[in-house]
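What follows draws every value from the coordinates through simple rules; no lab data is involved. Remember, it's a predicted structure, so these values are computed and weren't measured experimentally. Cβ atoms come from the backbone with ideal geometry, glycine included; neighbour counts cover every protein chain shown.
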Amino acid sequence: MPRIFTPFAILFLAFCLRAENPLIFHLENDSFSNNDREYTHGLELAYVHNHKIKDTGEKAQSLEFSIGQEIYTPIHQGVSFIIEDERPYASLAYGSVTNQWYQSNDYQALGLRFGMVGPSSGGQDFQNAAHDLLGFSRRSGWNNQIEDEFVLSLEWEHRHRIYETRNFGFIGYVITRFGNLHVDGRLGLQTRIGYNLPQDFGFVDLASVGHPRSIKSENTNHSFYFFADAHYNYVFHNLFLDGNVFANSMHSVKSKAWINQMSLGFALQRDSISLSYSHIFRSKEYKTQLKSHDFGSLSIEYLY
């Protein structure tokens, strides 16, 4: 986390623990697949207010606050010059506020994400510190990263439990994002099979809008299930690839319009703790990308 975010992160954690409400730790990293390229790191801490949602069929509401960071790098590590056919170095430090609505089998979220891309977001310092700690070599090309730019993104998501029994179900969802960071839309489907499915809305990654909470129910304090998730994403703009909107990027590549993603994983819940892990396979995101990318997504949540 960049230095500018450190005091805010400490206050954020202190508030969450004092409030005795759910705290969510979500990590995405390609070290799970022994890689260090493309979308290489994502980290988010989130807090949900008014989370005890009863299964009454009436509309309920919660509010989520989060802070996070994302890091993107090209494939080749040991060169300091621009590699024209590979993505630029880029990082993002952000905060977000998300209003969430629940009713029966439906979840909707409207979020505002704001932050900074470029050197001021601290991606180089964070990656260097992590690589030094783990004994990896430092990247040499951070001088060519995306320029400083304040980013603002309005994001909306709708999830619907299409069909569900106690041990099997389908969830459909649609996501749209609009701003100088992303302009895109996603349509996806998730299936779950296991024991005692929780009355929530399934696995989410860091591109989702918030973290849907479980609906409070007596029979979902213990659960375990496997899931598969697939979606198509149509991209109009991706700052991490297409470059800055309000500044002059040193380097950019042309993003692809259609991207597909498959996720396979498992989730378990016992009393107040839940854990999920997914391995994510993403198709090529820009025209000159050499190959598709995969990474892991780990989420740990204190629920009640």
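Net length available on complete extension from PHE114 to GLN61 is 16.9 nm, with 0.36 nm assigned per residue and the Cα-Cα distance removed. Above 21 Å, the calculated P(r) of the range 58-139 contains 50 percent of its Cα-Cα pairs. Relative to the globular-protein estimate of 2.2 N^0.38 Å, the Cα radius of gyration of the chain stands at 0.99. Restricting attention to the chain, lysine pairs at least eight places apart or on different chains and with alpha-carbon atoms under 28 angstrom apart total 9.
Dividing the summed -39500 (n - 2.57) terms of all DSSP H runs of n ≥ 4 by the residue count of the chain sets its mean residue ellipticity at 222 nm at -3000 deg cm²/dmol. Any chance you could give the angle, 0 to 90 degrees and rounded to 10, that helix 6-19 forms with the longest Cα principal axis of the chain? It is inclined by approximately 0 degrees. Of the Cα atoms belonging to the range 202-304, the radius of gyration and Dmax stand at 17.6, 56 Å. Which angle between 0 and 90 degrees, to the nearest 10, do you get for helix 123-134 versus the longest principal axis of the chain when only C-alpha atoms count? Tilt relative to the chain: about 80 degrees. Counting only Cβ charges, +1 for Lys and Arg and -1 for Asp and Glu, the dipole size of the chain around its Cα centre is about 400 debye.
Reducing the range 178-197 and the range 88-110 to their Cα centroids gives an inter-centroid distance of 11 Å. List the trypsin sites (Lys or Arg not before Pro) within the range 98-166 that fall in a DSSP loop (any state other than H, G, I, E or B) and whose Cβ has at most 14 other Cβ atoms within 10 Å. The qualifying sites are ARG138, ARG166.
Of the trypsin sites (Lys or Arg not before Pro) in the range 229-280, the ones in a loop by DSSP (not H, G, I, E or B) with at most 15 other beta carbons within 10 Å are LYS254.
Between the beta carbons of ASN221 and GLU84, assuming R0 = 45 Å, the FRET efficiency works out to 0.25 to the nearest 0.05. Projecting the Cα positions of LEU268, THR288, SER252 onto the charge dipole of the chain (unit charges on Cβ atoms of Lys, Arg, Asp and Glu, taken about the Cα centre) puts LEU268 furthest along the positive direction.
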